[in-house]
Amino acid sequence: MSPRARGSEYMEWAKTRSQARFNLASSGVAELPTSELPFRIEDVELTGPSFYGYPPLQERLARKAGVAPECVVAATGTSMANFLALAAFLEPGDEALIEAPAYGPLVDAASYLGADVRRFPRRAEDAFAIDPDRVRSALTPRTRAIVLSNLHNPSSALVDNGTLQRIGALARSVRARVIVDEVYLDALFERAPPSAFTLDPERFVVTSSLTKAYGLGGLRCGWIVADPESARRIWRLNDLFGVVPAHAAERLSIVALEHLPKVAARAKALLDANRATLQRFFDGRAELEVPPLRAGMIAFPRLRRGDVDTLCAVLREKHETTVVPGRFFGMGDHFRISYGCLPATLAGGLQGLGAALDALG
Ligand SMILES: Cc1ncc(COP(=O)(O)O)c(C=O)c1O
């Protein structure tokens, strides 16, 4: 077993190295300007009755998720939601079976909790679809959590319900849970399928937030959906971590949820336009191999020849542009590019990327 993680290499890089004029590394939709969230000062209070959830926010999150309020645990972003969900189902020495490639902090958090981390592959050749047979091969009687993201970070691949059901059945066979990080699922907007939780509430635990698909990262409004008994356990665990959230953020989250259709329309228009721009760029670059862009706000192309770290260095030094090197996902010949930014940022970044690819030869 490798030593327990004490942090996230990826997160440290994201906080200290991804900022740039043309930042195609950060994964959310461009922040909604505060002035576009129509709140009045009376909507904000510093202190309120938030113990095991602030009831008006619980109601709205439950309505959004289509579940009862007792299934919802509010959390600081999907980050804390993931940590709490993993902590609720993993004891030291248990096995966590996590997709590869994966969002690094999921792996690091499981490792920090003392889990023995095993991986199941999502292969580039399969456009990062999950093959349940590969999950089965990696499963053991010690597996307590199967962990995946839907849409997938880094590829944005959608996991269909049939596959989720097969994974649920595998989990049931060893009495494990399936933890699904759905932070990007809302980026499908009206095409979004129901949450995996609805497939089997006893088996699936899902995490999400308003941070990515809506440009509301600063609110840190996240949540877990779990069966009521697990939700109660997770609230109790949270007494050791977040305890209570910033109430002003809870109040503003309610305003955001009330205006979500409008916020979503802005995000969708931005993503649709940017996705078309990026697809046109990819269509003209034979040195990149990438499945057609269908959903989400990130893509994970493979550089057919040349070195990705060199490409990233040239991008940063000569073109004020950042993308995420694939080594953070264990796939050094890929890189992750985000397109939730403003169109001018995407255009500037792609100009730099085109020039850097030309220079690689
Ligand atoms: C798959 C995944 N989960 C969770 C997060 C963190 O989300 P949040 O900002 O809601 O904490 C990210 C951020 O990039 C992510 O990609």
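The values are calculated or read from the model by the stated rules, or taken from the named source; none is laboratory data. This is a predicted model, so every value here is computed, not measured. No Cβ is skipped: glycine too gets one built from the backbone with ideal geometry, and neighbour counts run over all protein chains shown. Areas reflect the complete protein model, heavy atoms only, side chains present, ligands, DNA and RNA absent. Shrake-Rupley method; radii C 1.70, N 1.55, O 1.52, S 1.80 Å.
So the values come out like this:
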item	result
Arg294/Ala344 FRET efficiency (R0 22 Å; Cβ-Cβ; nearest 0.05)	0.35
Fraction of accessible area attributable to carbon and sulfur, segment 14-63 (%, probe 1.4 Å)	54
The chain - charge dipole about Cα centre, Lys and Arg +1 at Cβ, Asp and Glu -1, debye rounded to 20	320
Segment Asp239-His259, length gained on full extension (0.36 nm per residue, minus Cα span)	4.2 nm
Whole-angstrom gap from segment 1-51 to segment 90-167, using each part's C-alpha centre	24
Segment 34-122: C-alpha gyration tensor shape, a/c 1.5 cut-off, then a/b vs b/c	prolate
Segment 171-289, dipole about Cα centre (Lys/Arg Cβ +1, Asp/Glu Cβ -1), debye to the nearest 20	140
Fraction of accessible area attributable to carbon and sulfur, segment 112-226 (%, probe 1.4 Å)	48
Listed residue (Pro291, Leu237, Ser338) projecting farthest to the positive dipole end of segment 202-358, Cβ model	Leu237
Accessible surface, segment 164-271, averaged per residue in Å² (probe 1.4 Å)	39
For the chain: relative contact order, % (alpha-carbon pairs under 8 angstrom, 6 or more apart)	24
Bridge type composition, segment 120-236 - antiparallel percent by DSSP, nearest 5	30
All lysines inside 20 Å of Lys64 as judged from Cα atoms, apart from same-chain residues fewer than 8 positions distant	Lys212, Lys262, Lys268
Selection of trypsin sites (Lys or Arg not before Pro), segment 139-217, meeting DSSP coil and at most 12 other Cβ within 10 Å	Arg175
Global geometry of segment 206-361, whether rounded, prolate or oblate, following the gyration tensor of its Cα atoms and the 1.5 cut on a/c	prolate
Helical mean residue ellipticity (222 nm; -39500 (n - 2.57) per DSSP H run of 4+; nearest 500) of the chain	-12000 deg cm²/dmol
Size of electric dipole in segment 123-188: Cβ of Lys, Arg +1 and of Asp, Glu -1, about Cα centre, debye, nearest 20	560
Spin-label zone in segment 95-117 - amide nitrogen under 18 Å from a point set 7 Å from the Cα of Arg302 along the C-beta vector	100-102
Cβ-based charge dipole, segment 1-55, positive-most Cα from Ser2, Ala30, Trp13	Ser2
Cα gyration tensor shape of the chain, rounded if a/c is under 1.5, else prolate or oblate by comparing a/b with b/c	oblate
